[in-house]
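This report concerns only the one structure given below.
The values are calculated or read from the model by the stated rules, or taken from the named source; none is laboratory data. None of the values given here were measured: they were computed from a predicted structure. Heads up, the Cβs are rebuilt from the backbone with ideal geometry, glycines too, and the neighbour counts pull from every protein chain shown.
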Amino acid sequence: MGRVSFFRKASLLILAITLVFSAVQLRAEASVYRKSKTEEKKIALTFDDGPSKQNTREILSILEEYGIKATFFVIGENARRDPERIRSIFDAGHELGNHTYTHAYISKISDEALEREIRETENVLVEITGVKPVVFRPPGGYYDDHSIAAVEKMGYKSILWSLDTRDWSMPKTESIVSKVEGRTQGGDILLFHDLEDKRLPTPAALKKIIPYLMENGYEFVTVSELLEGEAI
Ligand SMILES: [Zn+2]
C-alpha cells in the first residue's frame, strides 16, 4: 500500500508540474488577434500599406457611400508623405493602425529598430490627428513571441486577420467577391490593401461585397470596436 501511495503522490506531482509548465508556455505564446469571439454578425474591414492617392481615395468614398467604418494600417513613411490623406481617413471616423515606418518584418530586426519603426509611425500619426493608435499589424504577418511582446509593451494590440483577400496579387474582382461572400462569418477581420501605384481590384470588389454583406445582416465596425473587452 505504501508503495502505491508513493507512486500516486509521484504521479500527482508530475501532473502538477506539467500543468504549471504548460500554463507558463501558454502565457509566453504571442498575443495576436485573428478574429473576434463575438457571436454577433459584426466584422472589421482592414486596409494595409497606405495611404495611397488613388486607392485610398476611392475606398474612402465607397465607405462613405455606405456609411460604414473601417481600419487603415498605414505605413509611417507613406503617412508622412501624405498627411492630407491621413487626415481625411481620420476625419471620416475610421481607425488608424500602425504598420511600421518602412514595412519592416518585425521578427527580423533589432529591438531598437523595432521600437523606432513603431514610435516614428506613431509620432507622424499623432502630429496629424492628435490621437495615438492602439492597434498594430505586423507587415507580411511575420512575427515571433519576442517582437509581439515588445509591441504590446508599447501599448498596442497586434492584429492579424481571419480572411485574406490577397487583393495585392491582382486577382479578378469576381474572385475576391466570391471568396468574401462565401466565407465571411461574424467576428471576422478581413484583409485588403490600399497600396500605392497599383490599380487594385479592391474598390470594385468592395462595391459588391459591402451591399451583399449588409443585406445579409452584417455590421461593419473598426478593429478596436470589434475586439473591445476581449482577451486573446
Ligand atoms: Zn503590409
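The figures follow:
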| quantity | calculated |
| --- | --- |
| Pairs where the first residue, in segment 180-195, is more than 14 Å from the ligand (Cβ to nearest atom) and the second is assigned to a loop (DSSP other than H, G, I, E, B) and among the acidic types (Asp, Glu), C-beta under 6 Å, 6+ apart | Gly186/Glu40 |
| Top-ranked residue in segment 96-108 [being part of a helix (DSSP H, G or I) and within 18 Å of the chain's Cα centre (by Cα); ranked as nearest to Asp48 (Cα to Cα)] | Ile106 |
| Count of segment 52-95 residues which are outside any helix (DSSP H, G or I), away from the ligand (no atom under 16 Å from the Cβ) and of a type in the set (S, T, N, Q) | 0 |
| Qualifying residue in segment 130-149 (condition: at positive phi, within 16 Å of the ligand (Cβ to nearest atom), at pLDDT below 95 and surrounded by fewer than 18 Cβ atoms within 10 Å (Cβ to Cβ)) | no |
